[in-house]
Amino acid sequence: MTDVTAVGPAGSEELEGTVFDIGYQSYVGPREGRSRARWAVYKDGLRSALGLGRGPRAKVIPWFFITILGVIGLVMALIAGAVNTYVGPNAAEVLDLPSHSDYYGIASIVFFVFAAVGGPEMLCPDRRDGVINLYLVRPLTGSDYISARWLAFFTVMLSVAWLPQLLLLAGLTLSDANPGDYLLENWLDIPRLLTAGLAMAAYTTSLALFAASFTTRRAYASVFLVGMFVITTPFTTGLASQLAEDYEGTAGAWVSMFNLSNIPVHVNDLIFGEVSLITSVAPAGEFSGWILIGWYLLWTLVPAGLLWMRYRKLTP
Amino acid sequence: MPALLIAENLTKHYDDDIALDDVSFDISDGITGVLGENGAGKSTAFKIFLGLLQPTSGSATILGENASESVAVRSKLGYMPEHDCLPSTVSAAEFLTHVAEVSGLPPTRARIRAADTLRHTGLFEERYRAMGGYSTGMKQRVKLAQALVHDPAIVFLDEPTAGLDPVGREEMLALVRKTHREFGISVLFSSHLMVDVERTCDRIIVLRGGRLVQSGDLEQFTKDAETVFIEVDDNRDRLVVALEKRGVLVTSDGHGLYIEGSDESVYDKVRSALVESEAPLRRMAPRRGELTELFRRDGEAGQRDREPDPRDGDADPGNGKAT
C-alpha cells in the first residue's frame, strides 16, 4: 500500500489517496512455523468434521447426529422436569428415571455411529485426494498432522458428548423447586459427566481414526466401524449370556468384554458409581474396576499409538 | 552465486531397485529443468529434497539445511505435484488460505496471499467455486498457486504442463517464467518434454535410469547442437561428396543439407566445397540446435548401455516406495 501526496496551490501537502498494490508480490510478514501449521490442520479438522465451509451435503450427516444426540438429552430433561413438576419434587430421582449416569449408555450407539461416519472424514479424503503430500512438504511432520487431526475429532466428539449432558443438567436444575439446592446436592455429577464424556470421546476418536487410516474410502471405514460397534453388541451379548449360564468361571464375562459399545460405558459406570441401563445385563460388569479400566485403556491407547506410528513414518 | 540445492553422492534404493545412483549436482538461482524419461529418478530426487524420502546414502542439502532433518526449511519450499492433490468440495480461495496457514502464515495474511496468488495465476474470478468443477487447466493453476502462496525461495514443479492443451501449456510456461523473473523465486522444473524445458529453463539436469547424464547451462547445450543449413540450386550430390571429403558430417532432409557444428572452420570447408562442386548457393544460415537432437544422439548411445527403469513418478508416503 502506498500513500500518494500532492503539493497544493499554497505549497501545503495534502493527502490525495492510497494506491493498493494488488496481485502477487514477495511476502515479508511473519512465518510462524510448526505451531501455526498444527493449528491450521486442527482447525481444518474441526471444519471437515462439522461440514463447515463445505456444501450442504457435507453438513447433513454431522448435524443430523448432533441433533439426535441433543434431542435425547433434551427429552430426558423434559421428562424429568415434567415428572418433578407434575408428580412432585425429586420424583424423577425417586422413580429412578434415566439421568446423567444413564445418558452415555442410552446414546452410545448413536454416538458410535456418528464416530464411524465422521472419523473417516478426518483422514480418508486427504489421502485419496493427495492433499497429504501438500501438508508434508510444509513445516509439518506426520506426527504433527495426525496429532492435530486426532485432537480435532476428539474436540468434536467431546462437544457432542458434553452438550446433551449439559442440557440434561440444565433441565434437571431448572425443574427443581430450588435450583441452587439441586446443584449443591448434585454438584459431583458435573465432574463425573465431564470425565465420562472424555472417556467416551477418546475411545471413539482413537478407534474411528485408526480404522480410517487403513483405507482411502470413507464408506469402507464407516461400514467397518458401524459393523464393529453395532454387530458386536448382539453377538457378544447372546454368546456371553449363554456361556455365563452354561459354564462356571469368567468365560462369559470375557466374551462380554468384546462388546465394543460397552467398553467406555463400563468406565462411565465406574465414574458415576452405579450401573447404567445397558451394562446392567453385561457379564463383564462382574470384573473389578481395574480390569475394566485396563481394558478400556488397551482399546483406546493401543489404536491411538498404532495410528501415530503409521503417520510418523510418512516423514523421515 | 551460492548453491540453493546440493546433492552429494545421492543414492536411493527401494529394496533391490535403484531409483537414484550416486548422483551429485548443485543448483543455484534461476529456472532449472530436470529432464528424464519416466522412472529416471526425477520425482525421487524431488521428494528427497522436499523431505518426503530419506536417501539411502549421500546427502541432500537445501538452503543450507539437511533436507531430511530440517522441518523449518520447508516453510521456504513450494511443491506442485504431478498427481491430483486438490479436494473437490472446497473452493480455491479457502484451500489456498488453508495451505498458506499450514506453511506458517497468520490467518489474515494467508487470506490476502491466497487472493493475490489466485489473481497471479488467473483464477481470481473463479476463486469461490468448488474445485471439483474445475477444468484440468484450472486445476493445474491451483496446484501452481498452492506452491507459491507462501512465497517460497524455491518451488519444485513436477510435470506442470501434464494434461494441458497447447494454449494451456503456453500459459503455464509463461507463468513459470514470470514467477522467476518478476518475483525471484527459483524454480526446479521436471518434465519429459524437452520443448517445455528448452523454452523455460536457464539450466538443465538430465537423469537417466537414476544416473546423472548431463548438467549445465541450456545455452551451452543448444550451442552444441547447432547446425548450418545449406540450400543449393544444382550439383547437390557433388557438394555432399566435396563436404564429406573434407570430413564434414552432412545430413539431408530432401530440401537442404544440415552440417553439424557452427564454428568458423566449418564455414571455410563449406566455401571450399561449394567452389569445388560448382554448386550454386541459394541459402546458407546457422540453425539453432534443439535439445531433442542432442538427447536423441545421447539417448541412442545410452540406450545401448542401460534399459529404462520401470519405476515412474511419485512415492507414496504411506509406504515410502515409488509407485
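The values are calculated or read from the model by the stated rules, or taken from the named source; none is laboratory data. Just so it is clear, the model here is predicted, and its values are computed rather than measured. Backbone-built Cβ (ideal geometry, glycine too); neighbour counts: all protein chains shown. We work out accessible area using only protein heavy atoms, side chains counted, and drop any ligands, DNA or RNA first. Shrake-Rupley method; radii C 1.70, N 1.55, O 1.52, S 1.80 Å.
Before moving on, here are some points about what is shown:
- Folded to 0 to 90 degrees: helix B:92-102 orientation relative to chain B principal axis, Cα: 80
- Each principal axis of the Cα cloud of segment B:16-56 was taken in turn, and the coordinate range along them, longest first, works out to 35, 23, 17 Å.
- Chain B: most fluctuating residue of B:ALA153, B:ALA92, B:ALA279 per GNM, C-alpha cutoff 10 Å: B:ALA279
- Percent of alpha-carbon pairs separated by more than 17 Å within segment B:179-247: 62
- Note on segment B:210-256 and segment A:238-316: Cα centroid distance 80 Å, given to the nearest whole angstrom.
- Leading residue at positive end of dipole, chain B (Cβ point charges), from B:GLY256, B:PRO87, B:GLN220: B:PRO87
- Comparing Cα centroids, segment A:58-109 and segment A:130-202 end up 17 angstrom apart.
- Using the Cβ-Cβ distance between A:SER159 and A:ALA251 with R0 = 30 Å, the FRET efficiency computed as 1/(1 + (r/R0)^6) comes to roughly 0.15.
- Using a Förster distance of 60 Å, the FRET efficiency for A:ARG312-A:ALA91 (Cβ separation, nearest 0.05): 0.65
- Residues whose amide H comes within less than 5 Å of that of B:LEU157, counting only those at least five positions distant or on another chain, are B:MET80, B:LEU188, B:PHE189, B:SER190 (H built at 1.01 Å from N in the peptide plane).
- For segment B:67-85, heavy-atom accessible area (probe 1.4 Å) falls by no less than 50 Å² from the chain alone to the full protein assembly at B:VAL71, B:ARG74.
- Leading residue at positive end of dipole, segment A:35-312 (Cβ point charges), from A:MET228, A:GLY53, A:SER206: A:GLY53
- Test item: Cα-centred dipole of segment A:42-133, Lys/Arg +1 and Asp/Glu -1 on Cβ, debye: 540
- Remark: segment A:35-312 projects, on average over all directions, an area of 16.3 nm² (convex hull of Cα atoms).
- Of the solvent-accessible surface of the protein assembly as shown, computed with a 1.4 Å probe over protein heavy atoms with every protein chain present, carbon and sulfur atoms account for 57 percent.
- Contour minus Cα-Cα distance for B:LYS178 and B:GLU8 (0.36 nm per residue): 58.2 nm
- A/B buried area, accessible surface, summed, 1.4 Å probe, Å²: 3800
- The residues of segment A:276-316 occluded by other protein chains by 40 Å² or more of accessible area, set against the chain on its own, are A:LEU314, A:PRO316; surface from heavy atoms, 1.4 Å probe.
- Rounded to the nearest 20, the size of the Cβ-charge dipole of chain B about its Cα centre is 920 debye, with Lys and Arg at +1 and Asp and Glu at -1.
- Most mobile of A:VAL160, A:VAL75, A:VAL94 in a GNM of chain A (Cα contacts under 10 Å): A:VAL94
- Within segment A:219-243, backbone nitrogen closer than 17 Å to the virtual label 7 Å beyond the Cα of A:ARG128 toward Cβ: A:219-226
- Probing with 1.4 Å while keeping every protein chain in the model, the per residue accessible area of segment A:35-312 equals 44 Å².
- By the helix-only formula, in which each DSSP H run with n ≥ 4 contributes -39500 (n - 2.57) and the sum is divided by residues, chain B has a 222 nm mean residue ellipticity of -11000 deg cm²/dmol.
- With 10 Å² as the minimum drop in accessible area between chain alone and full protein complex (1.4 Å probe), the qualifying residues in segment B:30-62 are B:LEU50, B:GLY51, B:LEU52, B:GLN54.
- The dipole here belongs to the protein assembly as shown: it is taken about the Cα centre, uses +1 on the Cβ of Lys and Arg and -1 on the Cβ of Asp and Glu, and is about 380 debye.
- Estimated distance in nm for a label pair at A:LEU188 and B:ILE112, the labels positioned 7 Å out from Cα along Cα-to-Cβ: 5.7
- A 1.4 Å probe run over chain B, with the rest of the protein chains in place, finds 43 Å² accessible per residue.
- The Kirkwood hydrodynamic radius of the protein assembly as shown, based on inverse pair distances between different Cα atoms, is 29.4 Å.
- The label point for B:ASP16 and the one for A:GLN25, both projected 7 Å from the Cα toward the Cβ, are 5.9 nm apart.
- Among A:MET76, A:ALA251, A:LEU301 the positive-end extreme of the charge dipole of segment A:35-312 (Cβ point charges): A:LEU301
- Largest-first principal axis extents of the Cα set of chain B (Å): 77, 47, 35
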